[in-house]
1. Starting from the 7 Å offset along Cα-to-Cβ, what nm value, one decimal, do you get for the label separation of Asp171 and Asp38?
2. Quote the relative contact order of the chain in percent (integer), defining contacts as alpha-carbon pairs under 8 Å separated by 6+ residues.
3. What does the charge add up to near Thr230, with Lys and Arg as +1, Asp and Glu as -1, over the other residues with Cβ less than 10 Å from its Cβ?
4. Counting only other residues whose beta carbon sits under 15 Å from that of Thr338, what net charge do I get with K and R as +1, D and E as -1?
5. Roughly how many Å is it from the Cα centre of region 102-167 to that of region 40-100, as a whole number?
6. Which is the longest stretch in the chain that no exposed loop site breaks, taking sites as trypsin sites (Lys or Arg not before Pro) with a DSSP loop state and at most 11 other Cβ atoms within 10 Å?
7. Per 0.36 nm of contour for each residue apart, how much would the distance between Arg126 and Tyr253 grow if the chain were fully extended, relative to their Cα-Cα spacing?
8. Assuming R0 = 30 Å, what is the FRET efficiency of Asp14 and Asp164, from their Cβ-Cβ distance, to the nearest 0.05?
Amino acid sequence: MTFDLLIRNANLPDGRRGHDIAISDGRIQAVQPQLEGDAGRVIDAAGQLVSPPFIDIHFHMDATLSLGLPRLNISGTLLEGIALWSELKPLLTYEALVERALRYCDLAVAQGVLAVRSHVDICDDRLLAVEALLDVKKQVAPYLHLELVAFPQDGYFRSPTAADNLARALDKGVSIVGGIPHFERTMADGAASVKALCEIAAARGLRVDMHCDESDDPLSRHIETLAFETQRLGLHGRVAGSHLTSMHSMDNYYVSKLLPLMAEAGVAAIANPLINIVLQGRHDSYPKRRGMTRVPEMRPHGINVAFGQDCCMDPWYSMGSVDMLEVAHMGLHVAQMTSREAMRYCFDAVTTNPAAIMGLEGYGIDVGCHGDLVLLQARDPIEAIRLKVTRLAVIRRGRVIAETPPRVAKLSLDGRPGAVDPATYAPPE
Ligand code: FE2
């Protein structure tokens, strides 16, 4: 049997070891040890990890790579970031938006990210970013799944034209309804915005992904309304709450009631650890709260939790390396998810968990799945996170679309080995 591509001797994130993966016609044809057959191209994984592609479930592609335009965020706060973005918005051009987004997608593909959910700000009557990112979505479709969320950055009610603009963005093809209830003028307006936006999603048959309770205010409880509206409108499994940082500061008793409500409604949680560890706790003296939502506590309730990158070199965050392993690494630390099982979950939080939130068809490493894979310079997911390892090969529909040489340092020391591969120490399982 001759396949298009055959990967030999791969370890898989779910613990399968020494498996061969055969791909033809863009789909996985077989996954088993010592597979008979040949292929147009054979890659020897040599016991290294082959994963389904990374997914960035929460990003802002309209703002990315704009660091310093028109100035830097001096305080480093969320609110100065929002103000700075408002200064930049009127200066944006279609061409510059497309160019930055395409450049970002190149970086994402090189890092094995083959699916991105990007919020796009609709609080610009020109809808310039919407038009630009819809164009980018078409251009990158052959190699990257890009889905867009209509995001009323300045508030669905607070911004006078947001409601109209959001409807226009959805009419143009933006496929997910966003929101920002904690930024509305009052708690009541925030709750009303959640209700209105969920009703729009229900009427149009769309998913919802809302920036929700991105604050340190323990009384910011819009996630409760989001879960309620999801339940009321039958949106189970189609709704995600992004950030949910106020939950960090909430009363424990209240959270003990809230988490079962989220689980009952099938609302997923999306934490953005890189961003929230720098943005939250800004009004604290000491101790400074970490601000990330309660990831370990959600898990026993069966709430699906994913990690997103959120920002990369933009008004809110001057760092970022388009690396979902860096995101998983930070999430692991902030949530203190240090058991081996919890560390593996952090890998799932940037792969399989967001795939479920997106409802991606054919994602995974099983017969019939798309031939979309990443070969990593690591033997298992924990090592991959620990070392934020090199993506040796990125494969889309059975074709290698990015390659990076392994990271190996050459040593010139008497009596010591001539080269050091960082991924050479494996603790016992
Ligand atoms: Fe965000």
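1. 5.9
2. Worked out over the chain, it gives 18 percent.
3. 0
4. Around Thr338, the charge tally is +3.
5. Value for the Cα centre distance between the two parts: 11 Å.
6. Segment 186-429 is the longest.
7. So the extension gain works out to 41.2 nm.
8. About 0.05, to the nearest 0.05.
Just so you know, all these numbers are worked out from the coordinates, no wet-lab data involved. Quick caveat: nothing in here was measured; it's all calculated off a predicted structure. Ideal geometry is used to build each Cβ from the backbone, glycine not excepted, and the neighbour counts take in all protein chains shown.
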